[in-house]
Amino acid sequence: PSCLCNDGFAGEHCEIDLCGQTNCQNGGFCQIQNKVPICQCPAGTLGANCETVVCPNDCQNEGICMFVNNIPMCHCKDGFIGPNCNVKDNCKE
């Protein structure tokens, strides 16, 4: 006799967690669609595992785009400020 597995599980005894091997990144989460694990990616991320951050902000001067509460923000390197890290911080000299 074979088991009838709940969504997200497979195997003879439903011992395989289909999302268990899925490595969703950057706040993505695994969902089962047609018995296949799929990462559901938050806004601003792409890729099979949500591994690519796509930022609408043009961070300058080596600033790094980060999402804080699903809002894109530039994290500026020392010496730069502003929403796009495009303003030299004269206080750092």
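Coordinate-derived values only; no laboratory data. Remember, predicted model here, so these are calculated numbers, not experimental data. FYI the Cβ positions are ideal-geometry reconstructions off the backbone, even for glycines, and counts take in every protein chain you see.
Results, tabulated for the structure shown:
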quantity	calculated
Matching entry among F29, F9 (being of a type in the set (F, W, Y) and more than 18 Å from the chain's Cα centre (by Cα))	F9
Residues satisfying the stated conditions in the stretch 1-37, i.e. among the β-branched types (V, I, T), in contact with a strand residue (DSSP E or B) (Cβ under 9 Å, 6 or more places away or on another chain) and more than 28 Å from M73 (Cβ to Cβ)	I16, I32
Subset of the stretch 14-32 (residues that are surrounded by 10 or more Cβ atoms within 10 Å (Cβ to Cβ) and free of Cβ contacts under 8 Å to residues at least 24 places away in the same chain)	C14, E15, I16, D17, L18, C19, G20, G28, F29, C30, Q31
First in the stretch 36-59 and surrounded by 15 or more Cβ atoms within 10 Å (Cβ to Cβ), second anywhere and of a type in the set (S, T, N, Q) and not in a loop (DSSP other than H, G, I, E, B), Cβ under 7 Å, 6 or more apart	I38/Q31; T45/T52; V53/T45
Subset of the stretch 60-74 [part of a strand (DSSP E or B) and either touching a residue at least 24 places away in the same chain (Cβ under 8 Å) or surrounded by 12 or more Cβ atoms within 10 Å (Cβ to Cβ) (or both)]	I64, C65, M66, F67, P72, M73, C74
Of all residues making up the stretch 38-57, the number that are more than 23 Å from C74 (Cα to Cα) and among the small types (G, A, S)	1
